[in-house]
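Computed from the coordinates by the stated procedures, all read-outs in this text should not be read as laboratory data. What you are looking at is a predicted structure, and each value in this text was computed from that prediction instead of being measured. As a convention, Cβ positions derive from the backbone with ideal geometry for all residues, glycine included, and neighbour counts pool all protein chains shown.
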Amino acid sequence: MKSPAEIRRQIREGIWTAPTTGLAPAYAQANLVILDRRYAFDFLLFCVRNPKPCPVLEVLEPGMFEPRVAEKADIRKDIPLYRIWENGRTHQERTDISTVFNADMVSFLLGCSFSFEGALIGAGIPVRNIEEGKNVSMYVTNRRCEPAGPFSAPLVVSMRPVPHEMVSRAVQITSRYASVHGAPVHIGDERVLGITDLSKPDFGDPVTIKDGETPVYWACGVTSTLAVLSAKPSLCITHAPGYMFITDVLNEQLAVI
């Protein structure tokens, strides 16, 4: 099994270009948001007020690109796909943002639910997006996050189908990982969340839901991207949904005993 450092090297060299679900399953993955420093406090406040979808793993000082959670990493190059936004709209996608990143940019690494997928699999709970080699299914819901300054957003969730008899165990397992979204926010009927068709996720790929399975929904870090877009900064950078930053932090280091 490849180490996080080896996977980051392959990403930096363009060898790995796909979503990161299932990679380095023992290690925490992270969402990325990069903003000009004048937005940093309000965005941090948004994360503090909405810890389920936006759990903060690390905040880098302006202009810094080597995070403490990953030795010799470079957040400008070590994510397979970035999105660059101008005035709240997608400008372009890139695999390297070195020429866009500047000394006034503050980077936020936020917890990701990919981090607890290994624990689910270890308990015998299937993770369908990994089984099918797909990105996880993500949906925009009708629930609103608590706003902060110019940042506001609907809650985004990721969905994984779980056998009926294993749902309570999935809740128990993921509850230990509060810093990577923790316990589910909803179980069962998607209509309660304002989702009309599970076969058409807003982000990621649709996955098979088998007979005898219940859709289970966890808060998703893509919420942070929608919050950023609501503020319409002249320039910001995020990861593309499902293309995460892989840290050197063991998932068990984040788990509550």
Partners for Lys134 among lysines (Cα-Cα distance below 30 Å; same-chain residues under 8 apart left out): Lys2, Lys52, Lys72, Lys77, Lys200, Lys210
Assigned charges on the beta-carbon of Lys, Arg, Asp, Glu; segment 116-222 dipole about Cα centre (debye): 240
Lys, Arg +1 and Asp, Glu -1 on Cβ, resulting dipole of the chain about Cα centre, debye, nearest 20: 280
MRE, 222 nm, helices only [DSSP H, n ≥ 4, -39500 (n - 2.57), over the chain, to nearest 500]: -5000 deg cm²/dmol
Check: segment 1-83 dipole with +1 on Lys, Arg Cβ and -1 on Asp, Glu Cβ, in debye: 140
Estimated inter-spin distance, Glu131 and Thr208, nm [label 7 Å along Cα→Cβ]: 0.7
Within segment 150-221, trypsin sites (Lys or Arg not before Pro) in DSSP loop having at most 14 other beta-carbon neighbours inside 10 Å: Lys210
Length gained when the stretch Glu71-Ser168 is fully extended (0.36 nm per residue, less Cα-Cα span): 31.3 nm
Within segment 103-141, backbone nitrogen closer than 19 Å to the virtual label 7 Å beyond the Cα of Thr90 toward Cβ: 134-141
Sequence-separation-based contact order of segment 116-222, relative, with Cα cut under 8 Å and 6+ spacing, percent: 36
Leading residue at positive end of dipole, segment 25-118 (Cβ point charges), from Pro25, Gly88, Leu109: Gly88
Cβ-isolated cysteines (cut-off 4.7 Å), the chain: Cys112, Cys145, Cys220, Cys236
Separation of the Ala178 and Ile121 label points, Cα + 7 Å toward Cβ, nm: 2.8
Segment 127-204: GluC sites (Glu not before Pro) in DSSP coil with no more than 12 other Cβ atoms inside 10 Å: Glu132
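Using alpha-carbon pairs under 8 Å, 6+ residues apart, how would you state the relative contact order of the chain in percent?
32 percent.
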Listed residue (Pro55, Gly133, Gly118) projecting farthest to the positive dipole end of segment 25-135, Cβ model: Pro55
